[in-house]
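Notes for the one structure printed next.
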Amino acid sequence: MKKSITLTVVANMTSNYSEGLGNIGRVQKVYKNKKTYASRSRESLKNAIMVHSGMYDDLKTVVDGATQKEVSEEVNVANCRALEGGYMNTKGNTYVRNSSFYLTDAVSCDSFINETRFHNNLYLASNYAKANNINLQEKAAEAGLMPYQYEYDKSLKVYSMTIDLEMIGKDLNFKTEAPNDEKTSRVIALLDAVANLTLVVRGNLDNAEPIFVVGGMSERKTHYFENVVNVRNEELVMNDDLKNKLNEGYSCGLLQSCIFKNEVDIIKSLNPKSIKKFFEDLKAEVKQYYGI
């Protein structure tokens, strides 16, 4: 029986930022194949999906030694969507509930090339200097003038997401369960978030929608296509393993944007749906799974 959804996505997205060094912002990176690759961590990606899907709209937090999600007999996964991503609450009794969906890091397809951007707060400093009769050239520090710089990366990245349909809406800690229509709504909200994902990075809006997506309903709760989706030299690698897995009852979707150099070959070899059609069909299967 098919009891999960597995997706692997190629998207053109920015990285998130890790520790800075002075006034220098550094993008998060991973090291593999003796090279450095920019990445967006699974935690950052998960938070963006929870926010974008509206799953965090009913989030309540408490501070009890640590800042954590509020959990109780009255507030649990069955009636609080914000807890669907998992929780550990140590207020009183300790309760732990794993997430209903899992993500990998979104890792760039090409090795990292540093693009540094330089900025300053000259307008704000000038405004303060004018209001307080300060000579900006002579007393820049007093006016608060501060140059800063940060690494910038926006590149094709690959990530995978798997949703455990049997776990959605269930909280075994309190022996409660959401009705099937609510479960359906939550899964569809997650899929819509992936299909239309946007990220706010340093005050800028970033479109991170899928350019290519493959997967569907699955019997296995694993990132089934994680190891067979690769991009090299701006071309999607269409190997036999990818095609064989696709033929096991899965499908793929393509945004015809000419981002992939071999877009024509992808259409001929994989017969992809549009991104919109891919997610519409998948959401219909979710409704059927829950009997809606």
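List of remarks:
- Exactly one residue out of Glu226, Glu235 is in the same structural domain as Thr14 (by TED's automatic domain parsing), surrounded by fewer than 21 Cβ atoms within 10 Å (Cβ to Cβ) and more than 22 Å from the chain's Cα centre (by Cα): that is Glu235.
- Residue within the stretch 168-175 that is under 20 Å from the mean Cα position of the chain (by Cα) and touching a residue at least 60 places away in the same chain (Cβ under 8 Å) present: yes
- Note on the stretch 32-47: among residues that are surrounded by 16 or more Cβ atoms within 10 Å (Cβ to Cβ) and assigned to a strand (DSSP E or B), the one that is nearest to the chain's Cα centre (by Cα) is Arg40.
- Sole exception among (1) under 24 Å from Lys3 (Cα atoms); (2) under 18 Å from the mean Cα position of the chain (by Cα); (3) surrounded by fewer than 18 Cβ atoms within 10 Å (Cβ to Cβ); (4) not small (Gly, Ala, Ser) for Asn247, by number: (2)
- Test: residue in the stretch 160-167 that is farther than 30 Å from Asn33 by Cα, aliphatic (A, V, I, L, M) and either touching a residue at least 24 places away in the same chain (Cβ under 8 Å) or buried (at least 20 other Cβ atoms within 10 Å of the Cβ) (or both): yes
- Residues considered: Val200, Val286. Of these, the only one that is surrounded by fewer than 14 Cβ atoms within 10 Å (Cβ to Cβ) and on the phi < 0 side of the Ramachandran plot is Val200.
- Top-ranked residue in the stretch 90-126 [being among the aromatic types (Phe, Trp, Tyr) and under 30 Å from Leu191 (Cα atoms); ranked as modelled with the lowest pLDDT]: Phe112
- Pairs, first of a type in the set (Gly, Ala, Ser) in the stretch 69-90, second outside any loop (DSSP other than H, G, I, E, B) and at pLDDT 90 or above, C-beta under 6 Å, six or more apart: Ala78/Asp171; Ala78/Thr176; Ala78/Glu177; Gly85/Met50; Gly86/Arg97
- Within the set Lys157, Lys183, Lys175, Lys130, the sole residue that is farther than 30 Å from Ala38 by Cβ, basic (Lys, Arg) and surrounded by 14 or more Cβ atoms within 10 Å (Cβ to Cβ) turns out to be Lys183.
- Test: residue in the stretch 21-36 that is among the small types (Gly, Ala, Ser), modelled with pLDDT of 90 or more and touching an Asp or Glu at 6+ places or on another chain (Cβ under 7 Å): no
- Among the strands (runs of 3 or more DSSP E) confined to the stretch 156-246, the ones with at least 3 residues that are at pLDDT below 95 are located at 198-201, 204-207.
The values are calculated or read from the model by the stated rules, or taken from the named source; none is laboratory data. Worth saying up front: this structure is predicted, and the values here are computed from it rather than measured. When we count neighbours, we look across all protein chains shown, and the Cβ atoms used for this are built from the backbone with ideal geometry, even at glycine.
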